[in-house]
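One structure is given below, encoded as C-alpha cells.
The values are calculated or read from the model by the stated rules, or taken from the named source; none is laboratory data. No experiment lies behind these values; they were computed from the predicted model shown. Reconstructed Cβ throughout: ideal geometry from the backbone, glycine too, with neighbour counts over all protein chains shown. To get the accessible areas, we keep the full protein, side chains included, count just its heavy atoms, and leave off ligands, DNA and RNA. Shrake-Rupley method; radii C 1.70, N 1.55, O 1.52, S 1.80 Å.
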Amino acid sequence: MKAMIQRNEIAERTQGKTKAFKWLNMLKYISLSIASFVSIFPFIWMILGMTNASIDITTGKLKIGNEIVLNFQKLFSNDLNFARSLGNSALIALVTTVLALLISSMAGYGFEIYKSKRKERIFNILLLSMMVPFAALMIPLYRMFSKLNGTILGINSFLVVILPSVSTAFLIFFFRQNAKAFPKDLVEAARLDGLKELSIFFRVYLPTAKNTYAAAAIITFMSSWNNYLWPLVALQSPDKRTVPLVLSAMGASYTPDYGMIMAGLVIATLPTAIVFFVLQKQFVQGMLGSVK
C-alpha cells in the first residue's frame, strides 16, 4: 500500500511539473510572438503604405491598396531624381566596403602579428577615438576637405564621403580581435617557405578569415548605405545626393506624399536586407570570432 501511495504521489508531482512546464512554454511563445509582431510591424506598415495613397496612410489604413504603380511612377519621375541617388549610394557603399575591408583588416592583422609597445600605445589611442562622436569631427573634416576644393578630394566629391569610413577604430579592433584566433605557427611556416609578408596576408590569413570579412562587410555596407549626416554636409550638389538625403527631402516638403515615400523606403531597405540575409550565417560566425 505504501508503495502504491508513493507511486501515486510521484505521478501527481510529475503531472504537475508537466503542466507547469507547458504553461511556461506557452507564456514564452506568447511573449516572443508579441515581441516579434512589435518588431516587424513597422515593415508591414511600410509595405502596406506603398500600396496606398497619402491620405489613406495618414488616416491609418492597414489594407492593401491599388496605388502602388502610381507611387512608383511618382517616385522615379519627380525632380529629386531617386534613381540617380540609388546609383550614388551603391557606388559609395561598395567602394567604402571594399577599401574598408582591405585597409582595416591589414591594420588589425599588423597590430596582432607584429606586436610592440609603440604599436600598443597607438592602438590604445585608436580605441580612445571610438569615444569621440562623429558630430564632433564634422567641422574639422569639413575645413580640411574644403581647403582641397578644386581637386578630387574637395567638398562635393564622393571621395570626401568614402575616406572617413575607410579605416575606422571599430573595424581595426574587430579584425585584431579575430586575428588573435589565427594560428601564429602558420605565419612562421609560411616565412620558412619563403613567402613575403604581403603574400602571407593574402594567401594564408585572408582565406581563413572569410566569416570575419563577411561580418565586417555587412556592418560597413549597412553603415555606409544608411549614412546621412556627413553626406548631408559634404555633398552639396543635387545630382550627388544619396538615398537617405533624397528620402529626407521628400519628407521635408510642405505636403509630403507618404505613399511615394513608403515606396522609396522599401527600395532603400532592400539592398541592406539582401546583403544581410545572404551573409547572415557568416555574420554570426564572424561575430563569434571563428576562423576556419
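May I ask you to rank 278, 160 by accessible area, largest first, using a 1.4 Å probe over the protein chains only?
278, 160
Accessible area per residue for the chain, computed on protein heavy atoms with a 1.4 Å probe, is 62 Å². Ranking 70, 171 from most to least accessible surface, computed with a 1.4 Å probe over the protein chains only, gives 70, 171.
Distance from the C-alpha centroid of the range 188-205 to that of the range 44-121: 37 Å, rounded to the whole angstrom. Spin-label model, residue 66 to residue 128: label points 7 Å out along the Cα-to-beta-carbon direction sit 6.6 nm apart. If you take the square roots of the eigenvalues of the alpha-carbon gyration tensor of the range 17-153 and sort them as a ≥ b ≥ c, do you get rounded (a/c under 1.5), prolate (a/b over b/c) or oblate? In terms of gyration-tensor shape, oblate.
Straight-line cross-link partners of residue 196 among the aspartates and glutamates, defined as a Cα under 12 Å from its Cα and at least 8 positions apart when in the same chain: 188. Calculated mean residue ellipticity at 222 nm for the chain: -23500 deg cm²/dmol, from DSSP H runs with n ≥ 4 weighted as -39500 (n - 2.57), summed, divided by the residue count and rounded to 500. The alpha carbon convex hull volume per residue for the range 78-290 rounds to 148 Å³. Note on residue 67: accessible area is roughly 50 Å² with a 1.4 Å probe, heavy atoms of protein only. Of the residues 147, 115, ranked by 1.4 Å probe accessible area with the largest first, the sequence reads 147, 115. As a fraction of the 1.4 Å probe accessible area of the chain, surface on carbon and sulfur atoms comes out at 67 percent.
Ranked by the mean number of other Cβ atoms within 10 Å of their residues, highest first, the peptides 180-191, 33-44 fall in the order 180-191, 33-44.
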